[in-house]
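**Student:** Here you go, one structure.
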Amino acid sequence: MLPSDVLPPPHQIIMRHSLSTLAVLCIASPALFAAAPTAPNLNVLRAEVEALGKLTKAPKYEVVVRGDATANLKPILFEGLEYQGKPTKVFAWLGVPEKSEGKVPAVVLVHGGGGAASKRWVKNWNDQGYAAISLSLEGQMDYDPALKGYGKNPNGGPARPGIFGDSAAPIKDQWMYHAVADATLGAALLRSLPEVNPAKVGICGCSWGGIITATVIGIDPRYAFAIPVYGCGGLDVIPNHYGRALGGNELYQKVWDANLRMNRARMPILWHSWPQDAHFSMEAVNKSRKMAGSKESILCLIPGMGHGNLEHRPEWFAFADSVIKDGMSWIREKSSKLEGGKVQATFDSKKPLESAVLVSTTGTGHTGTRTWVETPATVTHNGGLWVANATVPTGTTACFINVKNGVLNVSSDYFEIK
């Protein structure tokens, strides 16, 4: 059961704050942003960002009195960092499984742009045996049917200013700084719950939440697993709105880009996206995957999946369950190659691989604007490993193989053919 201490409705809340969560952080001077940051200043700012990984103390929180709360799934407000010199409170849904034996694993859930904390998302993970916390990271509450929108959090942190549109602000007042801090504090809160195994807390985020997830795992090494959905690093070179916004943004490129610290991400990672995604290119997702320090950095690209704040995918749960139980994913790609117009990928899988398909395109430009087609591939069991083979159609510019067990999909390496 969650603690029973409660708050009055949000508009009546009297806020309390503590500076204890700030004790480990350095405070950046606004003077650093009077002009374009110099190299020494960029080093200081990177250190400020990486210090967020030291937010190990669970924040104080209280439960909000609402009719939609249950004994095991409740809305809360927890103490965030100061924003523009004022204390903040972060709204979240926090839940634990209704029935469990011993300490359970847990997951931090990070929404996409324009999203908010989701009770349903938490319950989906609770139903799989995980404690979970879903955070509102744009200074809001959650969806209010009466408002037909998100309720206002009067003590919330900053709203998201487009694509790193606040890069000229002091680092501690930037939205991404607070998003990373809030996710890290949410993980600390989960680890403090008596029902939770603190060594088995993962993180999953969609779109902007995927960017946050990719950023956080290079800052805080304690996560047991990570599932970045769509989002990745290297946004400044994607040939779309991200590239246009960040191509000249030195602060993003040298302080915030998740790829700067991706080699520190040693936990198993499932990179989940789809080839038609208009926001994150397959080259960018695959580059972040390959830069990760993890020995298990797995690709899962689902044609036609769509872009949104997903709340349920069987691949997530199968991946997380296998990592929590065995310390590794249920499937790992051992090798892959593209030679002589043929693709071959070899997998070590604890589940039988029932089918395979080649996904390819003859288009050019941003991968999300290309037409992708599926053509036959084979998969055979050989020497304890599973080997998938496919012939690449003439004129192919990019391709990968998907293998399948039931409803579960996993992808081979992504090949871009110049």
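**Student:** Test of understanding: among ARG266, ARG261, ARG289, which residue is part of a loop (DSSP other than H, G, I, E, B), in the same structural domain as PRO239 (by TED's automatic domain parsing) and under 22 Å from ILE211 (Cβ atoms)?
**Tutor:** On the way: ARG261 fails: part of a loop (DSSP other than H, G, I, E, B); ARG289 fails: part of a loop (DSSP other than H, G, I, E, B).
Step by step, each of ARG266, ARG261, ARG289 is checked, and only ARG266 is part of a loop (DSSP other than H, G, I, E, B), in the same structural domain as PRO239 (by TED's automatic domain parsing) and under 22 Å from ILE211 (Cβ atoms).
**Student:** Another question about this same structure. Name the residues in region 364-416 that are surrounded by 14 or more Cβ atoms within 10 Å (Cβ to Cβ), of a type outside the set (S, T, N, Q) and assigned to a loop (DSSP other than H, G, I, E, B), would you?
**Tutor:** Correct list: HIS366, ARG370, VAL392, PRO393, ASP413, TYR414.
**Student:** If you take the residues in region 57-69 that are at pLDDT 95 or above and in a loop (DSSP other than H, G, I, E, B), which one is farthest from ALA117 (Cα to Cα)?
**Tutor:** LYS57
**Student:** Could you run through region 101-153 and say how many residues are more than 14 Å from VAL90 (Cβ to Cβ), assigned to a strand (DSSP E or B) and among the acidic types (Asp, Glu)?
**Tutor:** Residues flagged as more than 14 Å from VAL90 (Cβ to Cβ), assigned to a strand (DSSP E or B) and among the acidic types (Asp, Glu) within region 101-153 amount to 1.
**Student:** Determine, yes or no, whether ILE227 is under 10 Å from the mean Cα position of the chain (by Cα) and modelled with pLDDT of 95 or more. Step through it out loud before you land on a result.
**Tutor:** On the way: under 10 Å from the mean Cα position of the chain (by Cα): yes; modelled with pLDDT of 95 or more: yes.
Taking the combined requirement at face value, the residue satisfies it.
**Student:** Return the residues of region 191-240 that are among the acidic types (Asp, Glu) and either outside any helix (DSSP H, G or I) or surrounded by 23 or more Cβ atoms within 10 Å (Cβ to Cβ) (or both); say none if nothing qualifies. Lay out the reasoning, then the answer.
**Tutor:** In the first step, residues of region 191-240 are kept if they are among the acidic types (Asp, Glu); the result is 195, 220, 236.
Of everything in region 191-240, those that are among the acidic types (Asp, Glu) and either outside any helix (DSSP H, G or I) or surrounded by 23 or more Cβ atoms within 10 Å (Cβ to Cβ) (or both) turn out to be GLU195, ASP220.
Matching residues to (1) under 19 Å from the mean Cα position of the chain (by Cα); (2) surrounded by fewer than 19 Cβ atoms within 10 Å (Cβ to Cβ); (3) among the basic types (Lys, Arg):
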residue: ASN263; (1), (2), (3): yes, yes, no
residue: GLU296; (1), (2), (3): yes, no, no
residue: GLY327; (1), (2), (3): no, yes, no
residue: ILE331; (1), (2), (3): no, no, no
residue: SER335; (1), (2), (3): no, yes, no
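**Student:** Only one of these is within 25 Å of HIS312 (Cβ to Cβ) and in contact with a Leu (Cβ under 8 Å, 6 or more places away or on another chain): GLY218, GLY231, GLY210, GLY186. Name it.
**Tutor:** Details: GLY218 fails: within 25 Å of HIS312 (Cβ to Cβ); GLY231 fails: in contact with a Leu (Cβ under 8 Å, 6 or more places away or on another chain); GLY210 fails: in contact with a Leu (Cβ under 8 Å, 6 or more places away or on another chain).
Step by step, each of GLY218, GLY231, GLY210, GLY186 is checked, and only GLY186 is within 25 Å of HIS312 (Cβ to Cβ) and in contact with a Leu (Cβ under 8 Å, 6 or more places away or on another chain).
**Student:** Considering every residue within region 349-372, establish whether at least one is touching a strand residue (DSSP E or B) at 6+ places or on another chain (Cβ under 8 Å), under 21 Å from GLY112 (Cα atoms) and of a type in the set (A, V, I, L, M).
**Tutor:** no
**Student:** Please pick out the residue among ALA168, ALA188 that is more than 20 Å from GLY95 (Cβ to Cβ), surrounded by fewer than 24 Cβ atoms within 10 Å (Cβ to Cβ) and touching a residue at least 60 places away in the same chain (Cβ under 8 Å).
**Tutor:** Details: ALA188 fails: more than 20 Å from GLY95 (Cβ to Cβ).
Just one listed residue meets the conditions, ALA168.
**Student:** Considering region 391-402 alone, what residues qualify as being aliphatic (A, V, I, L, M) and more than 19 Å from ARG332 (Cα to Cα)?
**Tutor:** So in region 391-402, the residues aliphatic (A, V, I, L, M) come out as 392, 398, 401.
Across region 391-402, the qualifying residues are VAL392, ALA398.
**Student:** Against the condition among the charged types (D, E, K, R) and either outside the structural domain of PRO268 (by TED's automatic domain parsing) or not in a loop (DSSP other than H, G, I, E, B) (or both), how does GLU311 come out, does it pass?
**Tutor:** Working: among the charged types (D, E, K, R): yes; either outside the structural domain of PRO268 (by TED's automatic domain parsing) or not in a loop (DSSP other than H, G, I, E, B) (or both): no.
Answer is no for this residue.
**Student:** Scan region 400-418 for residues that are over 13 Å from CYS300 (Cα atoms) and in contact with a strand residue (DSSP E or B) (Cβ under 6 Å, 6 or more places away or on another chain) and jot them down.
**Tutor:** Selection gives PHE415, GLU416.
The values are calculated or read from the model by the stated rules, or taken from the named source; none is laboratory data. The model shown is predicted, which means the values in this text are computed figures rather than measured ones. Here Cβ is always computed from backbone atoms with ideal geometry, including for glycine, and neighbour counts include all displayed protein chains.
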